[in-house]
1. Checking the structure you have, find out if any residue of region 91-105 is closer than 30 Å to GLY246 by Cβ, in contact with a strand residue (DSSP E or B) (Cβ under 9 Å, 6 or more places away or on another chain), at pLDDT 70 or above and surrounded by fewer than 16 Cβ atoms within 10 Å (Cβ to Cβ).
2. Considering region 743-774 alone, what residues qualify as being farther than 26 Å from ILE412 by Cα and either in a loop (DSSP other than H, G, I, E, B) or at pLDDT below 65 (or both)?
3. Go through region 475-511 and count every residue that is of a type in the set (A, V, I, L, M), crowded, with 18+ Cβ neighbours inside 10 Å and in a loop (DSSP other than H, G, I, E, B).
4. Could you please let me know if TYR339 is touching a residue at least 24 places away in the same chain (Cβ under 8 Å), open to solvent by less than 60 Å² (accessible area, probe 1.4 Å) and part of a strand (DSSP E or B)?
5. Does ALA227 satisfy being open to solvent by less than 20 Å² (accessible area, probe 1.4 Å), touching a strand residue (DSSP E or B) at 6+ places or on another chain (Cβ under 6 Å) and more than 18 Å from THR170 (Cα to Cα)?
6. From the residues in region 361-387 that are surrounded by 13 or more Cβ atoms within 10 Å (Cβ to Cβ), outside any strand (DSSP E or B) and aliphatic (A, V, I, L, M), which one is modelled with the highest pLDDT?
7. Being at pLDDT below 70 and either out of contact with any strand residue (DSSP E or B) (no Cβ under 8 Å at 6 or more places or on another chain) or hydrophobic (A, V, I, L, M, F, W, C) (or both) narrows it down to one of LEU88, LEU17, LEU21, so name that one.
8. Here are the criteria: (1) in contact with a helix residue (DSSP H, G or I) (Cβ under 7 Å, 6 or more places away or on another chain); (2) under 30 Å from VAL299 (Cα atoms). Tell me which single one ILE279 does not satisfy.
Amino acid sequence: MIPKPSQRKLNPFSIALTYTLLGGFWIFFSEPFLSSLFADPDLLERVKLINHWGFIVVSAQILYLLIRRHEIEIDRYQDSLHRVIRALMVFRGCNKVITHDRLEQDILMKICRTLVKVGGYRMAWVGFAQEDERKSIHSVAHWGHENGYLDTVQATWDDSPSGQGPGGTTIRTGLTTVVQHIPTDPRFSLWRAEAIKHGYQSAIALPLREDQKTVGSLVIMADEADAFNTEEISLLEELAEDLSFGIKTTRSEIEREKGQKQLAVLGAVVEQATEGVLIFDEKGICLYGNPAIEKTCEVSTQLMIGNSIRDLACYQRNLDFYQAVEKTIQTKETQRGTYTNHKKDGTPYKIEAQIAPVYGLTGTGSGFVASVRDVTLQLQLEEQLRTAQKMEAIATLSSGIAHDFNNILAAIITNTEMSLEDTQDEEVRESLEIVLKAGLRGKNLVKQIKTLGQDAPQERHPIRLDIIIQECLELLRASLPTTIEIKRHIVQGLGKVPADPTQIHQVLLNLCTNAADAMRKEGGVLEVRLEATEILAGLNNNTGLHPGHYQKLTISDTGHGMPAEVIERIFDPFFTTKELGKGTGLGLSVVHSIVKSHDGTINVNSSPESGTSFEIYLPQIYCVEMPFERLEASPQTGQKEHILLVDDEEDIVVGGKKMLERLGYQVTATSDPRQALNLFMANPDQFDLMITDQTMPHMTGEMLALEILHQRAEFPIILCSGLGSTPQMSSTMERVKSLGVREVLAKPFERNEIAALLRQLLDPSTAGTEFVCPES
C-alpha cells in the first residue's frame with residue numbers, strides 16, 4: 001500500500017468564511033452593545049469610529065494569522081509530498097532491480113546505489129548476521145559516502161554495547177530501528193564521533209528475513225536529522241520485505257539451477273556408466289534402464305520401460321537375479337550378491353548386483369534401483385592370480401626340498417648302479433633294479449615338482465605341435481580301450497612354437513590320459529584340435545595374454561565332467577579326484593606350470609555329465625636362433641685323467657669316487673672345499689678336471705671355482721647342484737659360466753650322463769648354431 005501525504009487543514013474558503021463570520025458578528029452585535037452603554041450621541045459617534053478602526057486592526061491580524069498558517073501547511077504538504085515522491089521513486093527503482101537481476105550481489109549493490117542516487121540518502125549498506133563467536137555483522141554491499149566508516153564500526157548483533165546499533169538491534173529483535181538524531185541518541189554512543197565525522201545525522205535499519213528468521217539488515221544513513229517520517233518508514237519497510245523476497249527467490253533460483261546441473265551430470269554419469277542401472281516401482285514396472293543394463297541383459301531399454309520385470313525376455317534365464325529383485329520389493333530390504341546370468345545363446349556370465357529401495361526427502365519409499373556389474377573377467381583374473389600365488393608357494397617349497405632330496409637320490413642311484421655291476425646274483429640284481437627304478441622315479445618326481453617353480457623352460461626350440469600330437473596319440477592308442485574313439489582336427493601349415501618338446505610331450509600325455517580316465521568305464525570320444533588364433537587387445541581379452549598370434553590346442557572328452565568346486569582346484573598341487581594310490585595330484589599342476597613357463601595360458605570348461613575341454617594357447621614364432629651340437633658316440637671310459645671330486649655329502653663322495661674310478665679315472669675326493677683348495681694349490685698341474693657341489697659349508701662351489709680359475713684360467717670345472725633346473729639355478733649357471741665354469745650339472749645324474757660330459761670336456765669337440773625359420 002502506498003502512503004499518502006498529510007491533508008491540508010486550512011484552505012482559502014476557510015479563510016473567507018472565517019473573515020465573513022467575524023465581520024458579521026462584529027457589525028450586528030457591536031452597534032446595539034455600544035448604544036446601550038453611551039447615551040450621548042457625540043460620544044457614541046466617537047466610540048463607533050474607534051470601534052470601526054478596532055475591527056480593521058483585529059480583522060487584519062486575524063487574516064494575517066490565517067494566511068500564515070495556510071502557508072505553513074502548504075510548505076509541510078510540499079515537503080511530505082517530496083518525501084513520498086522520493087520514496088516512490090526509490091521503491092520503483094529497487095523493485096526493478098529485484099525483478100530483473102539474477103545475482104544476489106548485484107541486487108544488493110544496485111539497491112544501495114538506488115537509495116543513494118535516487119533517494120538522496122548519504123549512504124546505504126547491507127549486512128548479514130554471522131554465526132561466529134562474536135556474532136558479527138558482515139557487510140556484503142554498500143554505496144555512498146562510506147570512506148572506511150564500515151571498517152571502524154565492527155558492529156555485532158548480540159546484546160553487548162557493540163550490538164546496540166541500528167543494524168545489530170534490528171537483526172536481534174527483527175524490528176525496524178530508527179535513530180532520528182545521531183548526535184544525541186545513546187544507542188549510537190560507540191560510533192557517534194565517526195558518524196558525525198562522515199556527516200551522518202540520522203539512520204534507519206530495516207530487517208531482511210528468510211523463512212520468518214531475520215538474517216540481516218538494510219541500513220540507510222541520512223545527512224539530516226529526523227529524515228524518516230512515518231510514511232517514508234512504511235514505504236522503506238515494504239521495500240525491505242520485497243528485497244528479502246528477492247534474495248530468497250534469487251537463492252532458490254541458484255539452488256534450482258545448481259540442482260538441475262547436478263541432475264544433468266548425474267544423468268550423464270548413469271547413462272555412460274559401465275555398471276547397469278535398472279529403476280522400477282513397487283509393482284515391478286521398469287521405469288528406467290541405462291545402456292549398460294541393456295548390453296548386460298541383452299534386452300532393449302525400450303522393451304524394458306513400462307513393462308513388468310516378469311515380462312522381460314531375460315527373466316527366465318536370469319531367475320536368481322530377478323528373484324532377488326522381487327524379494328527387495330516385498331521386504332523393502334537391500335539385497336547384495338553375485339549371480340550367474342545367461343546370455344541369449346546360453347553363455348553364462350557372472351554379475352555383482354545390489355538391489356535397494358530408494359527413499360525420497362520425506363523418508364518414504366519412492367521406488368527401487370538395481371545396480372549390476374559384469375564381473376566375469378574380474379573373477380577369471382582373480383582365479384588366475386590365486387592359481388599363480390599357489391604355484392608360487394609350491395615353487396618356493398619345491399626349491400627348498402629339491403636340493404636335499406636330489407643329494408639323497410644321487411647317492412642311491414650311483415651306488416645302486418655300481419652294485420648292479422658288482423653282483424651276478426639274479427635275486428640281488430632284481431632287488432637292485434627295483435631300487436634303481438624307484439630312484440629314477442624319484443628323480444622324475446623331483447623334476448615335476450621343480451617344474452612348478454620354473455618361470456621359463458630351460459631349452460626352447462622351434463617345434464611343430466602337430467608332430468608331437470601325432471607321436472603322443474600313437475603312443476596313447478595302444479593303451480586305450482576300443483570304446484574310446486580318438487579324433488584329430490589339425491590345421492595344416494601352422495608353423496612352429498618355441499617350446500621344450502619333452503615338456504610339451506608331457507603336457508599332451510597328461511591331459512590325454514586324464515581324458516581317457518574320465519571315459520574308461522563307458523567309453524566316449526577324445527578329440528584333439530590344433531588351430532591358429534589371434535588375441536586382440538581390449539576388454540574381451542579374457543585370456544590374460546598379450547595381443548598377438550597364437551596356436552590353440554584343445555583337448556576335449558565326453559566323460560563325466562567336473563563340478564565348479566572341482567574346477568576351482570584342479571591346478572592346485574597334490575589335489576586329485578582319483579582313488580588313493582592312482583594319482584599324485586601333480587599332473588595338472590605341472591601342466592599349468594609348463595604352459596605358463598612357455599608364455600601361454602590354459603583354460604578349462606566343464607560341467608557334470610557334459611565332458612571336459614582344456615584350451616592351451618602357445619605363442620607362434622617367426623625366426624629363432626637355435627643351438628645344435630655334434631652328435632657323439634657312446635660315452636668312452638677315461639684315460640687315467642686325474643679328477644678332483646668335492647661334495648659335502650659323504651655318501652656322494654664315496655659313491656662318486658668309486659663310479660669315476662670304474663670309468664677309468666684317477667680320483668682325489670674330499671668333503672671339505674677348503675681342503676680341496678689346498679690340495680689344488682699345492683700342485684695345480686696334477687689335476688685335469690674338478691667336479692664340485694655348489695652348496696657346501698665354509699665355501700660354495702662357485703667360490704672354490706673362482707679361486708682355482710685364478711690359478712688356472714682354462715681349468716675345466718663341472719659345478720653340480722641339487723637345485724636342478726630352477727630359476728635360482730639358471731641364474732647361478734649364467735653367473736658361473738661367465739666366470740669360466742665349463743658346465744653346470746643337475747643332481748641326481750646317471751653314470752652315462754657324467755661319463756659323456758667328462759669325455760666332452762676332456763676331448764673338446766666343436767659346436768655351432770643354425771638359423772631356423774618356421775615353415776610357411
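1. yes
2. Passing the criteria: ASP763, PRO764, SER765, THR766, ALA767, GLY768, THR769, GLU770, PHE771, VAL772, CYS773, PRO774.
3. Here the count works out to 2.
4. When the stated conditions are applied, TYR339 does not pass them.
5. yes
6. Selected residue: VAL375.
7. LEU88
8. (1)
The values are calculated or read from the model by the stated rules, or taken from the named source; none is laboratory data. Note that this is a predicted model, so its numbers are computed, not measured. Every residue, glycine as well, gets a Cβ built from its backbone with ideal geometry; the counts of neighbours run over all protein chains shown. Ligands, DNA and RNA are stripped out before the accessible areas are found, and what is left, the full protein with its side chains, is counted by its heavy atoms. Shrake-Rupley method; radii C 1.70, N 1.55, O 1.52, S 1.80 Å.
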